[in-house]
1. Restricting to the stretch A:175-233, name every residue that is over 22 Å from residue A:102 (Cα atoms) and among the acidic types (Asp, Glu).
2. Take the residues in the stretch B:176-195 that are open to solvent by 90 Å² or more (accessible area, probe 1.4 Å) and either assigned to a loop (DSSP other than H, G, I, E, B) or within 14 Å of chain A (Cβ to nearest Cβ) (or both), then tell me which one is farthest from residue B:30 (Cα to Cα).
3. Which of the residues belonging to the stretch B:159-172 are under 26 Å from residue B:271 (Cβ atoms), touching a Ser or Thr at 6+ places or on another chain (Cβ under 7 Å) and in a strand (DSSP E or B)?
4. Does residue B:123 meet the test of being closer than 29 Å to residue A:219 by Cβ, within 12 Å of chain A (Cβ to nearest Cβ) and out of contact with any Pro (no Cβ under 9 Å at 6 or more places or on another chain)?
5. Name, by its number, the condition in (1) at pLDDT below 95; (2) surrounded by fewer than 14 Cβ atoms within 10 Å (Cβ to Cβ) that does not hold for residue B:203.
6. Could you check, for the stretch A:209-221, whether at least one of its residues is open to solvent by 20 Å² or more (accessible area, probe 1.4 Å), away from chain B (no Cβ under 14 Å) and either outside any loop (DSSP other than H, G, I, E, B) or more than 26 Å from residue A:395 (Cβ to Cβ) (or both)?
7. With the condition being within 14 Å of chain A (Cβ to nearest Cβ) and in contact with a Gly (Cβ under 8 Å, 6 or more places away or on another chain), I'd like the strands (runs of 3 or more DSSP E) fully within the stretch B:244-329 carrying at least 3 qualifying residues.
8. For the stretch B:142-168, how many residues are free of Cβ contacts under 8 Å to residues at least 60 places away in the same chain, at negative phi and more than 10 Å from chain A (Cβ to nearest Cβ)?
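The values are calculated or read from the model by the stated rules, or taken from the named source; none is laboratory data. Please read all numbers here as calculations on a predicted model, not as lab measurements. Every residue, glycine as well, gets a Cβ built from its backbone with ideal geometry; the counts of neighbours run over all protein chains shown. Heavy atoms of the whole protein, side chains included, go into the accessibility calculation; ligands, DNA and RNA do not. Shrake-Rupley method; radii C 1.70, N 1.55, O 1.52, S 1.80 Å.
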Amino acid sequence: MTGRGISRREFAKSAVAIGGVSALAACLDRSSGGTVPAGIDDPANLPDRQHAWDDALATDDAGNPQMPNHHVLLLLDYTGDGAPTEAHRTQVEAALRSLERAYEWSNEGLLFTLAYGPAYFDRFDSGPAGVDLPTPEALAPFEDPEPDTPDALLHLASDDERVVLEAEEALKGTTDTANDHEMDGSFDGVFETAARRTGFIGAGLPAENQDVDGIPDSEPVPEDAPLFMGFKSGFKRNQASEDRVTIEAGPFAGGSTAHLSFIRLQLQQWYEQDSRDQRVSKMFCPAHAAEGKVEGVGENLGTDSGIDECPEDVVESSRREGVVGHAQKLSGAREENSPRILRRDFDSTDGGEAGVHFLSLQQSIADFVETRRAMNGTDVSENSAVGQRVNNGILQYMRVERRGNYLLPPRSLRALPPADPTQ
Amino acid sequence: MNRRQFLAGAGVTGASLLAGCGALSTQSTRAPPLVEDRPDATYRPTHREGMGMAGMAQAGDYMVGLTYSYPHRFWTVTGTTAEQVDIREADSLHLMASVWDPESGMVLPVSAGVSIAVERDGETVADKQPWPMVSQNMGFHYGDNYALDGEGVYQISVRVEGMNERRLGAFEGRFGDAGEATVEFDFAESALQSLAYEEFPETQGERAALDLMQMDMIPTSRAPEASALPGTLLGTSAGADETYAASWLRDAPFLGDGESYLAVSVRTPYNRVPLPMMSLGGAVEADGETVFDDALTAAIHPDIGYHYGAVVASTAAEPSVTVDVIAPPQVSRHEGYETAFLGTPSLSF
């Protein structure tokens, strides 16, 4: 017990999920005290892309960039009516630059992005120049998501729980310092928090956090699994590169688009009814199960999920096998042999439910829509024994509850950008 | 312990008897050892379970009936493999959802499936997508075992997805959208334990099937007699224990000039339960020429029922037809069906 109303057990599980100054204070008390590397003196030297994370991330043994372990998403509403004021812009930029001086731009320090939704751009005469930013909609006949409509989306990520908690409080203005650096400003009076979401990714964390709805009491999540479903994902060669997801032309060149969905997981059948071979068939492809290609959580796969060795004609393969793999279907969404989206998703226990905050970056929201279309496997279902969800990848075990689309501007335009920066 | 409970427990293994009377009121007593040397065919299971009504409601275009029985083992199917799902200690019951057309009473196997959320006092007790299943006495339904949180009232919400099977005839334009409904279910252990339960120590394993249950409120799935299919019956054929009936329709409102329709209805032996979620290929030869060679896709029609079909550019009177099973029905199975319908035969009509 820390004496602050949070039990040790709860705390150990969910300091980031709990959030706020008390969780931060508890976290600082409890921390074994490693120092967090400080940031850069002149933030102007950081890459122009807010989403330039790969070079700042650790890599695993195979060379895959590893997402930071802890994440906070803040859905923010701008407090002003109409177009943002210069004063507010200056305030937001000052706050973000303070974070960049406080924390190293890395997984050991802090990585963050600030993106804007269609609702934000409604305050201007037209949408963001040169970028198609649709309002979110259902992307499968069998889903019925609530649209997320905040003005902005802030993503904070670090391997250190203290960092995401402290950066959040510093931005809210509830603490004056971050990593012992003075803050030159905060979001106070500019942004209000409409929703707060949190999560984690990395070996051990899902097993530690599996006492939630959606995961059976048998505690089936493997100790070394980086995600609740028990397999590694985000292999380097199954991801779009940062270049591939970067907007190439127009005033927002150097930016990207983000899609954030919240997906609930229901893994009782997955872990207590499906066999290991069935799980491998559904996550990767039936050939991987037949050939025993996936060991444990899939570390042995290296830098790709081996999808080139799954039959390329997804419908034909599904007709024969009666089951189709999630990764196998996604191979159909490639363009010029590259995946279209860069996954930056992580698991969640928000609300006491097992879930995924599926955050992905792509050049255009259309790239996400196309990728999701492939994952739906509707063509497979219509032409084979595979059901629309049964035996159709992992669709039986998940439900999309929320969706939101965002423009992730280049760093130079991240503070309350105008819809047309050329004007 | 009343007499019924005692009888129910009569077939249990020593281990669960040792667990005491408490154990008799739970699931573990309702699963006699599986038949040894099960045939690769429909067989008479070790026992039959009765069924209780949990609720019924209209959900969009659909009617949904919820029933329950003792938790039981079942088998999921991927490809040609059936994997046994064991009863968990925590399982309270086997919950089943039947979906049908309120106008015709036809049971609809919707491959997009059904989601069921079980709640109590606003707390989620279970939330999953039950398996599409066939059982000898229930026919086609969606089912799974559920662990409830004791006796009392539960809210069970069911969402039936829109169909992506082809809908023909009077079904055209219907069942395209999802429907949702919530029913209240008062779960009482005594009601569950009073459901019929009968073992067949003498006849289990024989090549036979339990009779389809006749219920007042809920229709069971049954394909038409082959002779009652519309069009010209090209023939019937036995596959991996399942029966195929091929019909050739030269006249139907959904056909254009010069077109006919090949319908292949696949059903279980004995009970004529339609078998959905198969991959079938078909070839049609007329006057010595191949006029069709492609996939047959799942469809429903008021007179044909659930079937696999294709529109063929031919008006030949009696073509010769070959049907290849590429993948057997990917529906889960109750006991007595888990070793049947797993082959990939080729058939000629």
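1. If the condition is that a residue be over 22 Å from residue A:102 (Cα atoms) and among the acidic types (Asp, Glu), then A:192, A:208, A:211, A:213, A:217, A:219, A:223, A:224 are the ones that fit.
2. Among them, the one singled out is B:177.
3. Matches in the stretch B:159-172: B:166 only.
4. Considered against the rule, which asks whether it is closer than 29 Å to residue A:219 by Cβ, within 12 Å of chain A (Cβ to nearest Cβ) and out of contact with any Pro (no Cβ under 9 Å at 6 or more places or on another chain), residue B:123 comes out as yes.
5. (1)
6. Checked against the condition, which is being open to solvent by 20 Å² or more (accessible area, probe 1.4 Å), away from chain B (no Cβ under 14 Å) and either outside any loop (DSSP other than H, G, I, E, B) or more than 26 Å from residue A:395 (Cβ to Cβ) (or both), the stretch A:209-221 yields no hits at all.
7. B:289-301, B:320-327
8. Selection size over the stretch B:142-168: 7.
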